[in-house]
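Heads up, the thing below is written out as structure tokens.
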Amino acid sequence: MKMPCYLVRDLLPLYHDGVCGEETAADVREHLEGCESCRAALAELDADTGAEARLNAEGEQASAEALRKVRGDLRRKRLLPALLVGLAAVVVLAAAVLGFRRYAMGVQLTIPTEDIAAVTLGEDNALRITMQDGKCWTAFTACYRTLRTGGQDKEIVLFTMYVDLWSSLFRDGWSDGQQAMLFDNLQQEAQEVCYVRWDEWDQVTAATKTEGEGSGAQDVINGDAVSGLLHPLWER
Ligand SMILES: [Zn+2]
């Protein structure tokens, strides 16, 4: 049976998609063999389908790219707050350490008398303080004094020292387990070298009065008032 062109044109999309019945498809094929214009119409359908497929593929690619971009943005958005939080934490930590350091350097800890292993007097007029734990801190102050007890005077040297909290935590001591202090005339004058705890130094200072004037002036400690506060570590 011969089909007219208009009928073939209506059937072409179905034929093209392969959804015609077998007999219809055979008739269409037969018509196409003898009709150039309907073959051209079928070729156009083929071309359209290819373009559509290309468009679809491009669309999918564009979607994939858009999706990647969104994911990237999300990752950046999540990363930035994390970085800021990390940075803030570092700043806070650094400030805390600096703040603690400043505080700790101002905390003056008393060094117990038992921590001092020995005090020796050298031929070079140097007073040497040796610590039990090998950590020695600079003597804060040392001075000549006259100790007056029951009307009797004795020439002594007093020294005191402290360690600040920061150094006690993080330093090994200022000197290698021993601290030397040079004194003029130490050999001749000093009969006793006494340690005064840093937290009791003010009491000793309060019991001290200057007597005389000029080169004859001497700082006299009221021995009765400082009983128990002076710890003799070296005596002759
Ligand atoms: Zn035809």
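The values are calculated or read from the model by the stated rules, or taken from the named source; none is laboratory data. Because the structure is a prediction, the values reported are computed rather than measured. All Cβ positions, even for glycine, are placed from backbone atoms using ideal geometry, and neighbour counts span all protein chains on display.
Just a few scattered comments:
- In summary, Lys77 fulfils each of the numbered conditions (1) surrounded by 10 or more Cβ atoms within 10 Å (Cβ to Cβ); (2) modelled with pLDDT under 90 with the single exception of condition (1).
- Tally, over the stretch 120-157, of residues that are among the aliphatic types (A, V, I, L, M) and assigned to a loop (DSSP other than H, G, I, E, B): 1
- Any hit, the stretch 82-95, residues being closer than 22 Å to Trp201 by Cβ and either in a strand (DSSP E or B) or small (Gly, Ala, Ser) (or both): no
- Candidate set from the stretch 1-31 (those that are outside any helix (DSSP H, G or I) and surrounded by 13 or more Cβ atoms within 10 Å (Cβ to Cβ)); member that is farthest from the ligand (Cβ to nearest atom): Cys20
- Among the residues of this structure, Ala96 does not count as one that is away from the ligand (no atom under 13 Å from the Cβ) and farther than 30 Å from Leu165 by Cα.
- Check on Ala117, modelled with pLDDT of 85 or more, assigned to a strand (DSSP E or B) and either aliphatic (A, V, I, L, M) or outside the structural domain of Val226 (by TED's automatic domain parsing) (or both): yes
- Verdict on Asp46 being in a helix (DSSP H, G or I), more than 60 Å from the chain's Cα centre (by Cα), more than 16 Å from the ligand (Cβ to nearest atom) and free of Cβ contacts under 8 Å to residues at least 60 places away in the same chain: yes
- Condition met for Arg39 (basic (Lys, Arg) and either under 20 Å from Tyr6 (Cβ atoms) or within 16 Å of the ligand (Cβ to nearest atom) (or both)): yes
- Note on the stretch 110-137: residues that are closer than 22 Å to Gly228 by Cβ, surrounded by 15 or more Cβ atoms within 10 Å (Cβ to Cβ) and aliphatic (A, V, I, L, M) total 5.
- Applying a threshold of 7 Å to beta carbon distances and a minimum spacing of six or more residues, or different chains, the list of pairs starting in the stretch 1-21 at a residue that is touching a residue at least 12 places away in the same chain (Cβ under 8 Å) and ending at one that is of a type in the set (Val, Ile, Thr) and more than 10 Å from the ligand (Cβ to nearest atom) reads Leu11/Thr24.
- Tabulated pairs, the stretch 51-65, first touching a residue at least 60 places away in the same chain (Cβ under 8 Å), second among the polar types (S, T, N, Q) and exposed (fewer than 10 other Cβ atoms within 10 Å of the Cβ), C-beta under 8 angstrom, 6+ apart or interchain: none
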